[in-house]
Each structure stands twice: as C-alpha cells, then as structure tokens.
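For reference, the structure discussed in these notes is given below.
Nothing in this text is a laboratory measurement; each read-out follows from the coordinates by a stated rule. Just so it is clear, the model here is predicted, and its values are computed rather than measured. Cβ coordinates were reconstructed from backbone atoms using ideal geometry, including for glycine residues, and neighbour counts include every protein chain displayed.
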Amino acid sequence: MSLSSAEPAQPAPRSRLTVLAGPTAVGKGTVSAYIRDTRPEVWISVSVTTRPPRPGEEHGVHYRFVDDDRFDEMIAGDELLEWAVVHGSARYGTPRGPVEQALRAGRRALLEIDLQGARQVKESMPEALFVFLAPPSWEELVRRLVGRGTESAVERARRLETAVVEMAAEREFDATVVNTEVHAAVTELVALMSSVPHRHDRGISGSGP
Ligand code: 5GP
C-alpha cells in the first residue's frame, strides 16, 4: 500500500465564484447559453425571476419562474445571495444554496447577473472573481442595442443612457473580457476562471453609478 493511499480522502477545496456582468445588450445571455451548451465542467447558477418565460425557455434550465409572493418569501428567508429589479420591471435573484453547494464541491461556478447584483455579491463574497463583459466598441454596443428593433424610441434612448453609466462600471472589476465573438469570449472567460486561485486586490468599490 502506498503512503498516499493510506491518507484520509481530502474533500475538494472550496472553489472561487466568478461573477460575469456588463452593460445591456453586450451579449451576456449569449455567452452564458454558449457555456451551458459547450462547457459541462462549468456550473452556472439558475436565477429566479418574476418575469414570464419567453418561448423556448424552460423552468429550472434558463430560470426558475416564480410569482411575486414566492420571490418575497425567498428574500424574507434570506435564500437569495443577491437580487435586483432589472430594466425597471421584473425581479431577478441568485438562490444562495446551490451556489454554496457548487463552491463546496470545488466546481467552477459562474453567475451571469446585472451590475446591481454584482455589487451585492462583492459585499458578501469579496473573494469572488468579477469579470466585466465589454463590447468591442461603443458603436458596436449601440448597434446591438438598437439592432434588436424590439424597443420604442423612448425605450432605446433610456437604454442608451443606462449603457453609458453601465460602461463606466468596468473599472470596478478584476478583469475584462471583450465580446467580439462568442466562442473566443467564452474561451477567455473559462481560462480566467481556471487560472486564479486567489483574488487580487482590485475590487468593486461600491462607489460606482
Ligand atoms: P433577461 O430577462 O433578458 O433574461 O435578463 C435581463 C437581465 O437580468 C440581464 O442583464 C441578466 O444579466 C440579469 N439577470 C439574470 N439573472 C439575474 C440574477 O439572478 N440577478 C441579477 N441581479 N440579475 C440577473
């Protein structure tokens, strides 16, 4: 019997959470969907939301769709690691239990959330890795925002204003991944998630917009 086999089994070391955030329309959803489809080694948190499902979205896969009462209960029961009202309408939140479980199991764990949520996680888990997903340029972000063509002119103007503020948040993050093309962005993000066992000093200040 070798020495090593006589040692008690060590539990997997707790892993470090990665939080991905960025401006509206930068393609966070596309990046997380691509990871879900191609990177089974990455655990992605499934958020709860009060918005209704869109065609093709599955309960428990893309989101857990809940009503306002259930969301209130989850807040009251301290079941959410963070939560926010996004685009002035629905509420979105990260269930705490599954994140804790994934980290304890040593999994590479990822949250794809909005900036308000990222700042809350920074408060409770400052050791996490905060990655900003940026557009290749401001012009490209505007093109992606307007290109959807689903919003009214007033709504578009409101989103552009929000995007200016959101872009300024980049300096609060540990690292930036530029989303020029989804495959390359995912490769870079997963490499970042794998490379840094300990966080560096730079962090979200909480003094942003
Ligand atoms: P959508 O409704 O298009 O799926 O998502 C809208 C926005 O909600 C995106 O910016 C996404 O990052 C954000 N979001 C999704 N889940 C969460 C969450 O659990 N917490 C927070 N704070 N934002 C979330």
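Here are the numbers for this structure:
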{"item": "Calculated on alpha-carbon atoms, Rg and Dmax of region 1-89 in Å", "result": "18.5, 63"}
{"item": "Sequence of Trp43, Trp83 once ranked by neighbouring C-beta atoms within 10 Å, starting from the fewest", "result": "Trp43, Trp83"}
{"item": "Radius of gyration, Dmax [region 34-76; alpha carbons; angstrom]", "result": "12.4, 36"}
{"item": "Beta bridge orientation in region 1-133: antiparallel %, DSSP, nearest 5", "result": "35"}
{"item": "Computed [θ] at 222 nm, deg cm²/dmol, the chain (DSSP H ≥ 4; -39,500 (n - 2.57); rounded to nearest 500)", "result": "-11500 deg cm²/dmol"}
{"item": "Cβ-defined net charge surrounding Trp43, 15 Å radius [Lys, Arg +1; Asp, Glu -1]", "result": "+4"}
{"item": "Size of region 17-193 as Cα extents on the principal axes (Å, biggest first)", "result": "41, 38, 32"}
{"item": "Ranked Glu172, Glu151, criterion: other C-beta atoms within 10 Å, fewest first", "result": "Glu151, Glu172"}
{"item": "Karplus 3J(HN,Hα) series, Hz, for region 130-135 with 6.51 cos²θ - 1.76 cosθ + 1.60 (x for Gly, Pro)", "result": "9, 10, 9, 8, 10, x"}
